[in-house]
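Remarks on the structure that follows.
The values are calculated or read from the model by the stated rules, or taken from the named source; none is laboratory data. Treat the numbers as computed from the prediction; the structure is a model and nothing was measured. With ideal geometry, Cβ positions are generated from the backbone for all residues, glycine too; neighbour counts draw on all protein chains shown.
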Amino acid sequence: MKIFSSTLKFETTGDTDILDITGQVALILKEAEISDGSVTLFIPGSTAALTTIEYEGGVINDLRKAIERIAPRDIPYEHDRRWGDGNGFSHVRAALLGPSLHIPVIGGKMTLGTWQQIVLLDFDNRPRIRKVLVQVLGQ
């Protein structure tokens with residue numbers, strides 16, 4: 001069993017910025033030289049998340065609108081009353097989607113569907129530099 005770890009960094013704009021990070025993860029997998037195993041991704045922080053989706057303009061806009069309906073920006077949040085930073089909505093959004101992904105690797109490739117990409121979502125109300133921890137396990 002081999003373990004290979006790496007970190008990706010991304011500059012985000014916040015406000016439900018959605019970035020396709022599939023290519024960068026694929027490069028790490030290639031560097032890890034793992035033919036069968038898995039890739040685990042984790043984003044430290046409580047105002048960003050990881051998921052998969054078809055990275056296409058219409059779907060991305062639909063996702064942004066759905067997230068706004070589920071956890072609206074313009075309603076009162078207890079977090080904002082306590083801390084005054086106005087990003088209570090971003091914590092709720094990130095918690096709903098989650099900070100990690102686990103993707104099987106077969107034949108040296110991630111087993112993503114044809115129209116499935118890995119995306120980082122930054123919900124904070126300001127630009128950030130986000131780190132994504134990538135760990136590849138296998139043989």
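With the checklist (1) surrounded by 14 or more Cβ atoms within 10 Å (Cβ to Cβ); (2) farther than 21 Å from E11 by Cα; (3) among the acidic types (D, E) in hand, flag the one item D36 doesn't pass.
For D36, the exception is condition (1).
When you go through L96, L29, L112 one by one, which is the residue that is over 13 Å from the mean Cα position of the chain (by Cα), at pLDDT 95 or above and part of a helix (DSSP H, G or I)? Can you show your working first?
On the way: L96 fails: over 13 Å from the mean Cα position of the chain (by Cα); L112 fails: part of a helix (DSSP H, G or I).
Of L96, L29, L112, the one residue that is over 13 Å from the mean Cα position of the chain (by Cα), at pLDDT 95 or above and part of a helix (DSSP H, G or I) is L29.
Identify, please: which residue in segment 5-23 is of a type in the set (D, E) and assigned to a strand (DSSP E or B) and is, among those, surrounded by the fewest Cβ atoms within 10 Å (Cβ to Cβ)?
E11
Only one of (1) part of a loop (DSSP other than H, G, I, E, B); (2) without any contact (Cβ under 8 Å) to a residue 12 or more places away in the chain fails for I34. Which number is that?
Of (1) part of a loop (DSSP other than H, G, I, E, B); (2) without any contact (Cβ under 8 Å) to a residue 12 or more places away in the chain, only one is false for I34: (2).
Can you pull out every residue in segment 68-84 that is in a loop (DSSP other than H, G, I, E, B) and exposed (fewer than 14 other Cβ atoms within 10 Å of the Cβ)?
P72, D74, I75, P76, G84
Looking at S46 and the list (1) surrounded by 14 or more Cβ atoms within 10 Å (Cβ to Cβ); (2) in contact with a Pro (Cβ under 9 Å, 6 or more places away or on another chain); (3) in contact (Cβ under 8 Å) with a residue 60 or more places away in the chain, which single condition is not satisfied?
S46 satisfies every listed condition except (3).
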